[in-house]
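Each remark here refers to the structure printed beneath this line.
The values are calculated or read from the model by the stated rules, or taken from the named source; none is laboratory data. Keep in mind the model is a prediction, meaning the values are calculated, not measured. For neighbour counting, all protein chains shown are included, and Cβ atoms are generated from backbone atoms with ideal geometry for every residue, glycine included.
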Amino acid sequence: MATTIIPFGPQHPVLPEPIHLTLKLEDEIVIEAIPALGYVHRGLEKLADIRDYHQMIYVVERVCGICSMIHAVCYSQGIEELMEIEIPKRAEMLRVIWSELHRMHSHLLWLGLFADAFGFEALFMQFWKIRERIMDINEATTGSRVIVSVNVIGGVRADLSPDQIRWILSEIDGVEKDVSALQDTIMNDYSVKHRTVGIGVLTKEQAYELGAAGPMLRGSGVAQDMRMLGYGGYSEIDFEPIVETAGDCWARSTVRFREVLQSIDLVRQAISKLPEGDLAVKVKGNPPEGEIYTRVEQPRGECVYYIRANGTKHLDRLRIRTPTFANIPPMLTVLPGCELADVPVIVLSIDPCISCTER
Amino acid sequence: MKGKVIDVTLDTLVGEVTNMKNDGQRLVTFSTYQEGENKIGILYHFDKDLEPTHLRLVADMDKPIPSVSGVFFSAMLVENEIRDQWDVKFDGLVLDFNRSLFLDPEVIQVPLVSNVKIDPKK
Amino acid sequence: MFGSFIKKSRAKSPWIIHFDCGSCNGCDIEVLACLTPLYDIERFGIINVGNPKHADVLLVTGTVNHRNKKVLKNIYDQMSEPKAVIAIGACGNTGGVFRECYNVVGGIDKVIPVDVYVPGCPAKPEAIIDGVVVGLGKFAQKVEEAK
Ligand code: SF4
């Protein structure tokens, strides 16, 4: 049969970001997908040559605006390990709180976009409406909605007052109620299931071998979450990764949905365990010569930083491996064999963050 | 750096990576850095049950490096990225973008190597 | 009569298209947030569309790099006259944090003419709405001038 070639992207209504796929089709069935990246490549790893290691925080926050807080946590965690700085316990817990708030808003954002990908606009609006409450918390506590910039090397620069804590607790109660109300729709609705169940199946073995990360890996039944490492404040928090076994789009969206509820619980735990104390320690000098490999869990999965310092205030090398970068090979493996109409849903189900991938 | 670091050479690289795969390790990613004047250091990061292991390869930039994308398909993307950023060639890359994964032909600077430019592509 | 009717409805209900041109997503999600219930720019008659041929106003976030400048130019050329361009965020205005990166060309105005610049990193939804409203003024003027 003759093959048809259909270009998908870079500007496509379901994609908020530019990625291009060349789809080879036979009839309605995709037989091959070839990606073209580079529409968002800026080359910010190289900025380490001209920005000093404190200023780099502002740069790594802008690797990706959605998980900016967690990028900054990963980076400062690496530098702190290199310089052997012990940060105050309160700062560690505050980092957990903001990280989990970021995870919540990122997952809600994705659930909305996912609903939009299969044409359920009302659900999209609902999720984004709930998300605004979390953005309000971010804005009230840090002064900014998206890129919160609260991390510094050695701690954090903003605090939560008792009033704010009470308000946050009551807000996330509201979020929990609103989100739970949508649970039935996203998991059990007939038409939603029709578009997601059995679509884009990634088996457990495939996911592991292809190096998938985050909800993609957990949706296929592998219990792996970097928060199990107990980095920073997570060592004092009870945490169980959320796992689904089906490996299809439905499983991935369910993992993310359940993680929103889990994050609410983690915020509550972190608030209840928030110790008194300082916010940051003073940092003197430059990072010593050496190399560091640190990992954290982002909303989209495991994020790896490799930092190599040479004793000056500029880093020798900063290498960032973001979760979407790891999830593109699995996506390319599940696309062949699916129908053209399912392509947007599958592409979206990896939660693509192209600006992360290309940096 | 956390985790065991194993040194490998150009000859033992693919064998070691295959061993890692048989051991049930997951390929996380590679990291690169410049070693001296014209050598590149590549770290292959692996992970099993949250325990990292790294292979370290130091090689000349102007000689091709054997690709491990035949063992781990996911290495394909990283190797193409290194090709873009360092202008290092890989032998046996399953899907070779030839320096066009991230960069367009008109970028003739090799980004991560200071002061090196390549000939413009035709 | 028909002409004036089109003129009026064009300026009163402009359709926008959003193109992400190498942004970090910060500005992107704020643009999307404008479309959702809390900010809801649809109350100004604005609708987000996916096809540049249908759109009157182009919202661009992020820096221009060597690869996406062609796409940006292409999208701009496909839009029919009159049209307005709004650059959002520090990146879109000048290159912002990334202006010194090796793959970055600079702000949007290096490639296409820009009518309104919205500052901020990321620009707040309020600022974006303000920008769009100012942009609509300019757009209405262009509609007037066009015959
Ligand atoms: S202006 Fe700031 S928030 Fe907006 S795209 Fe650029 S770096 Fe991201």
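If the requirement is being touching a residue at least 40 places away in the same chain (Cβ under 8 Å) and either crowded, with 23+ Cβ neighbours inside 10 Å or within 15 Å of the chain's Cα centre (by Cα) (or both), which of these qualifies: C:V64, C:V105?
C:V64
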Scan region C:65-80 and tell me whether some residue there is assigned to a strand (DSSP E or B), at pLDDT 85 or above and closer than 21 Å to C:A146 by Cα. no
Write out, first by first residue and then by second, each pair whose Cβ atoms fall under 6 Å of each other, whose residues are 6+ apart or on separate chains, and whose first residue, in region C:129-147, is on the phi > 0 side of the Ramachandran plot while the second is at pLDDT 80 or above and outside any helix (DSSP H, G or I). none
Give the residue that is surrounded by the fewest Cβ atoms within 10 Å (Cβ to Cβ), with candidates limited to residues of region C:12-37 that are away from the ligand (no atom under 13 Å from the Cβ) and more than 7 Å from chain A (Cβ to nearest Cβ). C:K12
Could you list, in sequence order, all residues of region C:101-115 that are of a type in the set (V, I, T) and either on the phi > 0 side of the Ramachandran plot or more than 15 Å from the ligand (Cβ to nearest atom) (or both)? C:V111, C:I112
Are any residues in region C:59-95 aliphatic (A, V, I, L, M) and either within 16 Å of the ligand (Cβ to nearest atom) or within 14 Å of chain B (Cβ to nearest Cβ) (or both), and if so, which ones? C:L59, C:V60, C:V64, C:V71, C:L72, C:I86, C:A87, C:I88, C:A90
Flag if A:D116 is over 26 Å from A:S349 (Cα atoms), acidic (D, E), within 12 Å of chain C (Cβ to nearest Cβ) and touching a residue at least 24 places away in the same chain (Cβ under 8 Å): no
So which helices (runs of 4 or more DSSP H) stay within region A:114-228 end to end and still have 3 or more residues that are farther than 21 Å from A:W250 by Cβ and under 21 Å from the mean Cα position of the chain (by Cα)? A:121-142, A:162-188
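So which of B:L10, B:L43, B:L27, B:L50 is facing chain A (nearest Cβ under 9 Å) and out of contact with any Phe, Trp or Tyr (no Cβ under 9 Å at 6 or more places or on another chain)?
None of the others qualify; the one that does is B:L50.
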Residues that are closer than 29 Å to C:L72 by Cβ, hydrophobic (A, V, I, L, M, F, W, C) and buried (at least 19 other Cβ atoms within 10 Å of the Cβ): does region A:89-101 have at least one? no
State the number of residues belonging to region A:284-314 that are within 12 Å of chain B (Cβ to nearest Cβ), hydrophobic (A, V, I, L, M, F, W, C) and either farther than 16 Å from A:R51 by Cβ or surrounded by fewer than 24 Cβ atoms within 10 Å (Cβ to Cβ) (or both). 3
